[in-house]
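Quick notes on the structure that follows.
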Amino acid sequence: MISDQVLQVEKLIWRGRGLSRLKSGKIVLIDPGVYPGERVRVRISKEKKDYLQAAWTDIVDPLPERRPHPCPAADSCGGCRFGTLPNRIQLHFKHTLFLKELERALRPFSCTLTDLPLEILAGPKAWRYRWRGQVHVRNGRPHFMRMGSRDVVPFQDCLLLARPLGTGLSKACQTLPDGKHTLACSPRDARVASAGEAVRLELPLSGHDFSLKVDPGVFFQANWLLNQDLVQYVTGALSGLDRVADCYAGAGNFALPLCTVTQKVLALESNPEAVACCRESAQQAGLDNCEVQRIDLAGRQIGAVLERFGPQGLVLDPPRTGGGKQGLLALSRLAGLERMVWVSCDLVNACRDLRPFFEQNWRIRALALFDMFPQTWHLEAVFVLERGAGKGKR
């Protein structure tokens, strides 16, 4: 194993790692928290055939913009390694990474990003933006998992959590058994609850006179303030179409607002708790043009269900791992489907899943990058696709 080295970081690659090289030319991938142009001391941890994996131990020549991390637990937690940079610099690196990964993924299809509309949207808060999170509980106290280890470390607050959730964390953990738990908080009334509690948290939707009613264990966008812009972007891209289907609809984040801009919405979701929340919210809001159905979204049957509904537009917001191959292939062949909006928190998996659509003559009409996760390398990508949208936008 090679001893400690001082290396120059060339660029960032997917998952926020820094890429550097030894004098021999062999690639070294460095754990997140280093930035292009910096010279860093690293310790090689793994040796692979084509590259080395390393952890950084010291920043020898930092970027001028680098600053002390505001969280005292940052070195051991690792949950917000980009917190040593101003948010505008973080966003610049994410934008560059987004374009590079997208160009690489689209190259086999001779696709181009030239003149393609790209919006970049950041939320009003760079810290204290998460209204949902996971925590490890030991002896009634909140803990995080130490980076690169299965050891847990006690803490009182997290600077990524919205203030009501952060300050209510210790009290909420007092009655929870040891283990990993999901905690969520309502932006409406600051109520904190854990997964498994028989309550509904109210999540207001900007510009609408109704809210989502969500079980604490059901997924919703943690950055709820920026989610308002995300919802507006998605509904705007599908506005004017008569029939729209929402796949991986969750608790109705897109489906319910879509009911106000289209005649009929079909919300498809596999999680039974999310289905119940979506139905309840639609009923309380009086949205009788929303049909909610539980279905295996990775299976073959999704094609038949959508064929019967006959959507002109479609929303896909799959989990980080992406959609199921059979289900996606069925979607790409739907007759009468004119437009899709694809939302993804993992650009690489999204590009993989888009392959059958490109092969069926779907083209990118517009792109958006939402900085849903400040202080981390994560981002939310949104693709607006149309069938045969025109030359130069493949």
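The values are calculated or read from the model by the stated rules, or taken from the named source; none is laboratory data. Note that the structure is predicted; figures quoted are calculated from it, not measured. Counting neighbours? That spans all protein chains shown, and the Cβs are built from the backbone with ideal geometry, glycine included.
Within the range 1-39, track down each residue that is without any contact (Cβ under 8 Å) to a residue 12 or more places away in the chain and in contact with a strand residue (DSSP E or B) (Cβ under 6 Å, 6 or more places away or on another chain).
We begin by selecting, within the range 1-39, every residue without any contact (Cβ under 8 Å) to a residue 12 or more places away in the chain; these are 19, 23-25.
Matches in the range 1-39: 19 only.
Inspection of the range 262-276 finds a residue satisfying the criterion of being within 25 Å of the chain's Cα centre (by Cα), within 22 Å of residue 202 (Cβ to Cβ), crowded, with 18+ Cβ neighbours inside 10 Å and among the β-branched types (Val, Ile, Thr). Inspect all residues belonging to the range 94-102 and state whether any of them is under 29 Å from residue 218 (Cβ atoms), outside the structural domain of residue 379 (by TED's automatic domain parsing) and among the polar types (S, T, N, Q). No, the range 94-102 contains no residue that is under 29 Å from residue 218 (Cβ atoms), outside the structural domain of residue 379 (by TED's automatic domain parsing) and among the polar types (S, T, N, Q). Filtered by the rule that a residue be in contact with a Pro (Cβ under 7 Å, 6 or more places away or on another chain) and not in a loop (DSSP other than H, G, I, E, B), the range 332-343 gives a lone residue, 332. Looking only at the range 287-312, count how many residues are within 26 Å of the chain's Cα centre (by Cα), surrounded by fewer than 16 Cβ atoms within 10 Å (Cβ to Cβ) and within 16 Å of residue 258 (Cβ to Cβ). Final tally of qualifying residues: 2.
Is it the case that the range 315-331 has a residue that's under 25 Å from residue 207 (Cβ atoms) and in a loop (DSSP other than H, G, I, E, B)? Break it down stepwise before answering.
Start the filter on the range 315-331 by keeping residues that are under 25 Å from residue 207 (Cβ atoms), which leaves 315-317.
Then keep just the ones that are in a loop (DSSP other than H, G, I, E, B); that gives 317.
Within the range 315-331 (the criterion being under 25 Å from residue 207 (Cβ atoms) and in a loop (DSSP other than H, G, I, E, B)), the answer is yes, since at least one residue qualifies.
Specify the residue that is surrounded by the fewest Cβ atoms within 10 Å (Cβ to Cβ); the eligible residues are those in the range 1-39 that are outside any strand (DSSP E or B) and of a type in the set (Lys, Arg). Restricting to residues being outside any strand (DSSP E or B) and of a type in the set (Lys, Arg), the top hit is 23.
Taking the stated definitions as given, is residue 332 at pLDDT below 75 and among the hydroxyl-bearing types (Ser, Thr, Tyr)? Criteria met by residue 332. If you check 175, 182, which single one turns out to be at negative phi, surrounded by fewer than 18 Cβ atoms within 10 Å (Cβ to Cβ) and in a strand (DSSP E or B)? On inspection, the qualifying residue turns out to be 182. Does residue 159 count as part of a loop (DSSP other than H, G, I, E, B) and on the phi < 0 side of the Ramachandran plot? So residue 159 fits the description; yes.
So, in the range 162-213, exactly how many residues are closer than 15 Å to residue 136 by Cβ and among the acidic types (Asp, Glu)? Walk me through how you get there before you give the answer.
Start the filter on the range 162-213 by keeping residues that are closer than 15 Å to residue 136 by Cβ, which leaves 169-170, 172-174, 176-183, 194-195.
Subset that is among the acidic types (Asp, Glu): 178.
Count: 1.
Pairs meeting the criteria (first residue in the range 344-365 and at pLDDT 85 or above and in a helix (DSSP H, G or I), second residue surrounded by fewer than 18 Cβ atoms within 10 Å (Cβ to Cβ) and of a type in the set (S, T, N, Q), beta carbons under 9 Å, at least 6 apart or on different chains) are 349/321. Taking into account only those residues within the range 199-209 that are assigned to a loop (DSSP other than H, G, I, E, B) and crowded, with 19+ Cβ neighbours inside 10 Å, which is farthest from the chain's Cα centre (by Cα)? The qualifying residue farthest from the chain's Cα centre (by Cα) is 200. The condition (being over 24 Å from the mean Cα position of the chain (by Cα) and not charged (D, E, K, R)) is satisfied by just one residue among 155, 144: 155. Note on the range 40-88: residues that are touching a residue at least 60 places away in the same chain (Cβ under 8 Å) and assigned to a strand (DSSP E or B) total 1.
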